[in-house]
Every structure is written in C-alpha cells, then in structure tokens.
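**Q** Dropping a structure here in structure tokens format, bear with me for questions.
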Amino acid sequence: MSKIGLTIAGMLLCTTVGAQSARDQISIVGSSTVYPFATVVAERFGQTSQYKTPKIESTGSGGGMKLFCNGIGVQHPDITNSSRRIKKGEFESCKANGVTDIIEVLIGFDGITLANSVDSDQLEMSRKDIFLALAKQVPDPNGGDELIDNPYEDWSDVNPELPEIKIEVIGPPPTSGTRDAFVELAMEGGCKDIESIAAIEKTDKDSFKEICHTVREDGAFIEAGENDNLIVQKLEANPDALGIFGFSFLEQNSDLVQPTYIDGFEPTFESISDGSYPVSRPLYFYVKKAHIGVIPGIAEYLLEFTSEGSWGEEGYLADKGMIPLDEDTRLSSAESIANFETMTLD
Amino acid sequence: MNAQEELNTTEVVRGSLKRRYAREKRFRLFGLAAITASLTFLAVLLITITARGLPAFKQTFIQLEVTLDSKTLGVGENPDTNELRRANYNGAIKKSLTTLFPDVKKRKDKKALYKLVSKGGQYDLQKRVMADPSLVGETLKVWLPVGDDTNSYIQGNIDSSLPEKKRRFKDNQILWVDQLTEDKQIQRRFNSTFFERGDSREPEMAGIKGSLFGSMLTLMVTLLLSFPVAVATAIYLEEFAPKNRWTDLIEVNINNLAAVPSIVFGLLGLAIFINFFNLPRSAPIVGGLVLSLMTLPTIIISARAALKSVPPSIRDAALGVGASKLQVVFHHVLPLAMPGILTGTIIGMAQALGETAPLLMIGMVAFIVDVPTSLTDPATVLPVQIYQWADLPEKGFVEKTSAAIMVLLAFLIVMNAAAVYLRRKFERKW
C-alpha cells in the first residue's frame, strides 16, 4: 500500500514541478481549413526569425474559438484561425472572460468546388440545380408550392440540359466546415432562386433555413469523412460521381478531377477572388491584443502573415491554393493590423 | 447387451464415421480459409503501404552553382546572426537558376523555373552560411532538394502524355529537367531529411524525427508511471488484499476501465492535468500521463493473470522454509511472473503508441516543426503525424504518409519482438 502511496505522491510531485511558467512560443488553434495556410506562414516565420516556430493545433473553427475565449494568460492560445467570422455569442463569451481586445484579420478566400473525374464530361449547373438535386425536400415538380421528398434520381430530371446519370455526390459530414459553407453558399443560394421558398424566408426564417440546409438522406448524397484526399480517390474510382472539396485539392489533383461550372463560372483563382464564382468563403484569424508583447513574436508573426510575399497575389499562400484579397483591401488592412486596431462586432 | 445389439452399434458408428470425418475436414477447411483470408488482407495492406512508401526514402537533388555575394543576399559587411538568418537565400538560388537557363525571360516561365528547386532549399543554404559566415561572397556548388512536382515527375508519377493543362508539371519544366538529368545535375539519393527533420508543409522537407521523438518521450513517461503502479496494484490485489466486497468492487472497476473509450481519458487529462495542475498543452508529459491512465488497467489485468499462474506450491514451499510473505512475493512469485507481466506491459505500450484520440483533447494533434527535447516541449506523436499528412493537399505527402506508417509499423514490430523474446527467455514450465 505504501508503494502505491509513494508513487501517487511522486506523480503529484512531477506534475507540480512541470507546471507552466512563461511560454516563449506562439500558440495557435482553430480551423482545419486555415491550418494548411497558417502552417506555411508559421514554418517560414520560424525559419527566418529568431523566434520559435508557432505551434498550430487543428481543432476546428468552433473548438478553436472556445479555447481562445477561455481567457487571458499563457495557458490560453494567442491566436485562433477560423473559416467563418466570429459569432456574436462567441464574441460575448470572449468579453465575459476578459478577452476584450481582439484583432481580426481577414486573410483571403477558400473556394469550394464541385468536381468529377476527368474521364467524364465537365458539367455546368446553377445553384438552383444543386439545391434541387441535393435537398431533402423540394417543391413538387408536377406543380404547386407543396414540398415533397426529393424525387429526382438523375441529373437530367433536375435540368434537361444535364446528362442522364444518377445523382451521386460525395461530400464531407455535417461536422465539417466545408459542408457548412457548401450548404450555406450553394444550396441556400439556389433556394433563393425558387420563388415559393424565397417567400417563406420573409415570414419564417427558421423553416426557410431548415428547408435549404437539409441534405437528402436517401443515398444520393454520400458522406465520405473529413479527408478531402479520400473524396478525390473516390471520384477517380467512380466517374459518375461528383465530389465536394476545397479549391487547393482541385489544384493539386488537376490530372484526376475537373471542376463543375457553377452559375456559369469555373472555380479559378480570378473568378474566386473577384467574387464571380459563388461558392467561396472568407478565412480569418483572431489575435489577443493583450498577448502582444507578452508572448514573444506575435507582432512579427502578424507582419509576416500580412506581407505581400505571403498573402499577396504572388505570395507563397497563393501557391498553396489560398485566394488572396484584392490589393486595396490588403494594403489597408495590413496597415490597421500593424497598428493593432481591435475589432468591434456590429 | 447381446451380440445382435453390439453389431448394430458398430454399424451405427461405422455408418456415421464418414459424416464425422467430413465434419472435421470442413471445420479444418474453415479455419484454414479464415487464416488465408486474414493473411491475404495483411499482405495486401503491407504491400500497398510499402510500394507507396518506399519512394519516400529517396529524394531527388539538383546541383546548382550558387553565388552568395552580399548584394544578392542583402547583407552588409560582417553581418550578424540575425542578418544572416533573414538574408535572401532564395534570391541567390533564383539567380543561379536563371544563369543556368538564360533563355527564360517571361515572368510566368521564370516562376515555373523557380519551382524546380524546393522552397526548403533556401533553409539548407541558410543553415550552411550560418554555420560558416565566411561563405558570404563565395560561389558554392550545392545539392539542393527539388520541388514536390519535380520530384514526382522524376519518380514517374506524372504522365507527360496528358494534355499540358491537366498536368501540374508543364512542358517547359519537363524540358529543363530532362536537360539537367542529361547533364547529371539531378540525382536521386537517400532521403536523410526524412529522419533528421521535424514536420514541414513542403513534402520534400518534411521529416518524422519530431514525431518519433515525441512518441519516445511520451511512451517513456507512460512506461515509468504505469509499470510500477500497475505491478504494485496487481501484487497487492493478488497476494495481500483480503477478499471482500471492496476488493471485488475494485476489480470490477479495473476491468471496466480497460474497456473505456480512449477519448474519455483525453477529457480527463484535459480537466486534471491541464486545467487543474496547469501543465502545458501539447507536452509529452501530459500525453504520457493520459496514456498511462489508459494502459494501467491493461497492465494490471495481465500482471494479475501472470501472478495467478504461479503455482501455489512455490508459495507454500517458501513459506514452509520460513520466508515472510513479502520475501515469498519478491524472491519467488514476482520473478516467475515477470515474463507474463512484461508481455502485458509491452502490449499495453504498443496500444499507447498507436493512440491519437486522447491526444486530440490535450493539444498534441498539432503542427510542430521543432524537434522536442524535453518533456514540456510541444510535441506530437507518430500516428498523429500520419493522420495529419494524410489530410494535406500536396501529392508528395501521399508517399510520406506511407513511409511514416512503415516507420510506425517497424517500431511496433520491434516492441512485439521484444515481448516474444522476453517471454521465451524467462518462461518457466511446470
């Protein structure tokens, strides 16, 4: 018995000895979508400055925000990445925990693509087609405003101009930010083009959201897990299927998959950055102003991230598939970030 | 029993004999089929991983003549460390490429040309110059790693018959690389980077040293904590504890703990070690603490089984010649049970080596470039590294992922081989 007691005492001793004192390394958490870009900046920052390479955890936007808003101090992260803007509730909870001064940085955009294997024909569709093909409930094709369970089986049923192949879309599960963005931008966008549903938005916002955001569950939409590489592999094996994944995976696999035109635009660097390709989302990161000067290197990290060589049109982030902001926005926000201007949420 | 009946029984037995033999044969066949099927799956798995991962152990290098004059590097006379660290090595590499191919004039073509050399090449140069500042002003012949796409072209993973638009590696790049190969300025060598560096976002610069060290540090903590605690627990429960309701309750709880999903231990670790004891996030010490919570029940159960299998006659004999209870346990029972305990421990360790779920909660699923050297440095572990590489868009990471799996498997095989060896060496039969 005494041995157990001794070991437990030893365990406690070791834990208190190792307790955290000062931290000399930036700690970053947050979105898995921003992760591939933030890591590039962090690695470069670590190589070219006298500071340690920041540590980046991939926790998802929501999880990152929760950690970030937990409070001020070395045990809390300094920066969180996010593939959406901070929510009002999150901002409030940050404030309640003493994280009052937050610097918001919009870094660029990420396109979400609908693609199929290069062995089949390249498709062209509207967001309305996407909604009709993938929603759980759609307006009765035989007329009337009533919503019925999605009856469409082939793409040609949705829109006669589309080929006569079975609707099969491989996409990420609901826990994924890519899925959220796809549903919000592509499906809700298509929803608004249908008059009977658009009318609901004005009267009942919640049921409008439910109609537009619910994906069919009868096998036409296949959940394939969070790994985008897996979706690309599945498309290669099944030329009739379409897949949903981020733009950087399309770029890397241009020999295997081709994008679908949405509302007449192909996802390219240009069409995403000027906003004509409709399915793209902003990428952000948030910094605690109180940590600048306490944790060494945060100001320099911000400077590295917002330099032209990194987030510019010819920068290394663009090489990795991030769509840069336009030049004026970049210049003005780089300036306000250099002055550590904090955000307000209206 | 008369003769008539006896004959009948023999006939009955003889009649059913064929069926019984057939039944046995079928059973053997099923068994054989099951083993063949599982071996086939294993073989397919190992072959695909090896086939994909082997190319990662070789890396393509390009020979360049780089002039490190202070003007290109953008450093003054007698530069200090900081200046040398920030110097424009990339510019020097670009310059040497454009002197090699002076016909390349257009911006777009130049960009394609620069992509031949890895972005990590500048860091190699930086390291050399910082180690020897007198190199500034010299012209060096250096071998630098090539870029991701160039590497996969050299490996034959890019089909040059595809139309140019569908390839990441363009016609002019193929032309340059073919010429360089002819001039013997491109070479495939053993990829020492893979074993010498931590994580990177450039596949050609990424290594497993960081996660390998992270795994070792974490497992060390796990072993040091869980082995003594588990053995002491097992000895007490098996040899000293009275059999009553309390010990029954403890036994049931230990058995239950062994079946708890590992993520729960991660949550526990987050609440206790990080939030209460304020230990740093992402540190091997926290990882080791969490994993030892997870492996404790496994080791306790196997240690108790090993203690139980020591024949009571040995205990009786020792007690008979006057040994105390403690002497009986430590002089006789424990040494005899040790092989079984060690086997259980190593199996528990192997389990801990493959865990990712509990580490997610305590921040060890992270991008960490620097190789950890102490228990409080941020670190990640091998399975996490594999999971992260599998998720990245760059194609070069496909082979790195498989190569990392091979390293993890090698680690596991070594541990299991050690378990088998220890068992064979110390095993006693009665």
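Coordinate-derived values only; no laboratory data. Since the model is a prediction, treat every value here as computed from it, not as a measurement. Neighbour counts are summed over all protein chains in view; Cβ atoms, including those assigned to glycine, are modelled from backbone coordinates with ideal geometry.
**Q** Using R₀ = 22 Å, calculate the FRET efficiency as 1/(1 + (r/R₀)^6) where r is the Cβ-Cβ separation of B:Ser324 and B:Asn256; round to 0.05.
**A** 0.05
**Q** Report the relative contact order of the range A:32-84, percent, no decimals, based on alpha-carbon pairs under 8 angstrom and at least 6 residues apart.
**A** About 37 percent, as a whole number.
**Q** Return the tail of the calculated pair distribution for the range B:3-54, meaning the percent of Cα-Cα pairs more than 17 Å apart.
**A** Looking at the range B:3-54, the distances longer than 17 Å represent 62 percent of pairs.
**Q** If you don't mind, another one. Placing +1 on the Cβ of each Lys and Arg and -1 on the Cβ of each Asp and Glu in the protein assembly as shown, which of A:Leu114, A:Gly264, B:Ile285 has its Cα farthest towards the positive end of the resulting dipole?
**A** B:Ile285
**Q** Principal axes first, then extents: for the Cα atoms of chain B, list largest minus smallest coordinate on each axis, whole Å, largest first.
**A** Ordered largest first, chain B gives principal extents of 109, 64, 37 Å.
**Q** Also: Which log10 I(q)/I(0) values, to two decimals, does the range B:57-193 give at q = 0.12 Å⁻¹ under the Debye formula with one point per Cα?
**A** Scattering profile of the range B:57-193, log10 relative to I(0): -0.50.
**Q** Would you please give the FRET efficiency between B:Asp248 and A:Asp149, computed as 1/(1 + (r/R0)^6) with r the Cβ-Cβ distance and R0 = 45 Å, to the nearest 0.05?
**A** My answer for the efficiency is 0.25.
**Q** Here's something else I'd like to know. Please tell me the relative contact order of chain A in percent, rounded to the nearest whole number, where contacts are Cα pairs under 8 Å and at least six residues apart.
**A** Result for chain A is 25 percent.
**Q** How many percent of all Cα-Cα pairs in chain A sit more than 31 Å apart?
**A** Roughly 42 percent, rounded to a whole number.
**Q** Where does each of B:390-399, B:42-51, A:31-40 land if you order them by average Cβ count within 10 Å, highest first?
**A** A:31-40, B:390-399, B:42-51
**Q** Something else now. Calculate the FRET efficiency for A:Ser332 and A:Ala299 from the Cβ-Cβ distance with a Förster distance of 25 Å, rounded to the nearest 0.05.
**A** After rounding to 0.05, the efficiency reads 0.85.
**Q** Let me ask something else about it. Report the residue, chosen from A:Gly98, A:Gly89, A:Gly243, that carries the largest GNM mean-square fluctuation when chain A is represented by alpha-carbon nodes joined by springs under 10 Å.
**A** Between A:Gly98, A:Gly89, A:Gly243, it is A:Gly89 that shows the largest mean-square fluctuation.
**Q** Anyone know which of B:Thr193, B:Thr98, B:Thr401 comes out most mobile in the 10 Å Cα GNM of chain B?
**A** Looking only at B:Thr193, B:Thr98, B:Thr401, the biggest GNM fluctuation is shown by B:Thr98.
**Q** If you don't mind, there's one more thing I want to ask. Kindly express, to the nearest 10 degrees and within the range 0 to 90, the angle between helix B:89-100's C-alpha long axis and the longest C-alpha principal axis of chain B.
**A** Tilt relative to chain B: about 60 degrees.
**Q** What distance in nm separates the two pseudo spin-label positions at B:Asp80 and B:Thr40, each 7 Å out from Cα along the beta-carbon direction?
**A** So the label points at B:Asp80 and B:Thr40 sit 6.9 nm apart.
**Q** What is the mean number of Cβ atoms from other protein chains located within 10 Å of the Cβ atom of each residue in peptide A:59-67, rounded to a whole number?
**A** 1
**Q** Still on this structure: Given an 8 Å cut-off on Cα distances and at least 6 residues of separation, report the relative contact order of chain B as a percent.
**A** Relative contact order comes out at 19 percent.
**Q** For the range B:275-430, take every pair of Cα atoms, bin their distances at 10 Å starting from 0, and report each bin as a whole percent.
**A** Spelled out per bin, shortest first, that is 10, 28, 27, 19, 11, 4, 1, 0.
**Q** Provide, in order from the shortest bin, the percent of all Cα-Cα pairs of the range A:185-294 in each 10 Å bin, continuing until the bin that contains the maximum pair distance.
**A** Spelled out per bin, shortest first, that is 11, 30, 33, 19, 7, 1.
**Q** What percent of all Cα-Cα pairs in the range B:116-178 falls into each 10 Å bin, going from 0 up to the bin containing the maximum distance?
**A** Spelled out bin by bin, the range B:116-178 gives 20, 39, 22, 16, 4 percent.
**Q** Sorted by packing (mean other beta-carbon atoms within 10 Å per residue), highest first, where do A:99-105, B:173-179 land?
**A** The peptides rank, most packed first, as A:99-105, B:173-179.
**Q** Hull surface divided by four, with the convex hull built on the Cα atoms of the range A:111-280: how many nm²?
**A** 9.4 nm²
**Q** May I pose another question? Per residue, how big is the convex hull of the protein assembly as shown when only Cα atoms are used? Give it in Å³.
**A** Output value, Cα hull per residue: 279 Å³.
**Q** With springs only between Cα atoms under 10 Å, which of A:Ile165, A:Ile56, A:Ile79 fluctuates most in a Gaussian network model of chain A?
**A** The residue that fluctuates most here is A:Ile165.
**Q** Okay, moving on. Once both axes come from the Cα atoms, what is the angle between helix B:209-235 and the longest principal axis of chain B, in degrees from 0 to 90, rounded to 10?
**A** With both axes taken from Cα atoms, the answer is about 20 degrees.
**Q** Please compare each pair in A:Lys55/B:Lys71; A:Lys95/A:Lys209; A:Lys66/A:Lys320 to a cut-off of 32 Å on the Cα-Cα distance and tell me which ones are over it.
**A** A:Lys55/B:Lys71
**Q** Which of the GluC sites (Glu not before Pro) found in the range A:239-325 are in a DSSP loop and have at most 15 neighbouring Cβ atoms, other than their own, within 10 Å?
**A** A:Glu313, A:Glu314
**Q** Taking chain A as the reference, fit the longest principal axis to its C-alpha atoms, fit the long axis of helix A:228-237 to the helix C-alpha atoms, and give the angle between the two in degrees, 0 to 90, nearest 10.
**A** In chain A, helix A:228-237 runs at an angle near 30 degrees to the longest axis.
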